[in-house]
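The values are calculated or read from the model by the stated rules, or taken from the named source; none is laboratory data. Computed from a predicted structure; not experimentally measured. Here the Cβ positions follow ideal geometry from the backbone for every residue, glycine too, while neighbour counts run over all protein chains shown.
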């Protein structure tokens, strides 16, 4: 079984919605890293040296490759990334190998076989 790593940077108030949508689309879990920061095309606004930007969370999903595109699209939809600039970003990368996921492989095998 092959995996993809989906990395999503979302506004912290959308984290739960994005995680629920990903799970409903086939993700079996996630790792959340709180209080990530970053900049896009425009620099972050500050006031007296304090950042005025909203906090972001980084969500890491290790997903089966056949489910990854659908999960990625749902993350974008629920996170509303294309509706307004600066709301978030998500992308996927290939995973060469993974350990500690045997329990997920058993569960995902049935789901992937149904979809293929």
Residue that is surrounded by the most Cβ atoms within 10 Å (Cβ to Cβ) [pool: residues in segment 68-80 that are in a helix (DSSP H, G or I) and touching a helix residue (DSSP H, G or I) at 6+ places or on another chain (Cβ under 8 Å)]: 75
Residue satisfying all of: in segment 18-32; more than 11 Å from the chain's Cα centre (by Cα) and buried (at least 18 other Cβ atoms within 10 Å of the Cβ); nearest to residue 101 (Cα to Cα) among these: 28
Criterion violated by residue 99 - all others in (1) touching a strand residue (DSSP E or B) at 6+ places or on another chain (Cβ under 7 Å); (2) at pLDDT 85 or above satisfied: (1)
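Please specify each residue of segment 81-95 satisfying the condition of being outside any strand (DSSP E or B) and under 19 Å from residue 12 (Cβ atoms). Before the answer, list the steps.
So the first thing to find is which residues in segment 81-95 are outside any strand (DSSP E or B), and the list is 81-87.
Listed by number, the residues that qualify are 81, 83, 84, 85, 86, 87.
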Flag if residue 56 is under 22 Å from residue 103 (Cβ atoms) and either more than 12 Å from the chain's Cα centre (by Cα) or modelled with pLDDT under 95 (or both): no
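So which residues in segment 81-101 are surrounded by 14 or more Cβ atoms within 10 Å (Cβ to Cβ) and touching a residue at least 12 places away in the same chain (Cβ under 8 Å)? Show your work before the answer.
Here is the first cut: in segment 81-101, the residues surrounded by 14 or more Cβ atoms within 10 Å (Cβ to Cβ) are 81, 86-90, 92, 95, 98, 101.
Result: 86, 87, 88, 89, 90, 92, 95, 98, 101.
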Of residues in segment 16-30 being in contact with a strand residue (DSSP E or B) (Cβ under 8 Å, 6 or more places away or on another chain) and at pLDDT 95 or above, the one nearest to residue 79 (Cα to Cα): 18
Candidates 42, 114, filtered to the one that is outside any loop (DSSP other than H, G, I, E, B), more than 11 Å from the chain's Cα centre (by Cα), at negative phi and modelled with pLDDT under 85: 114
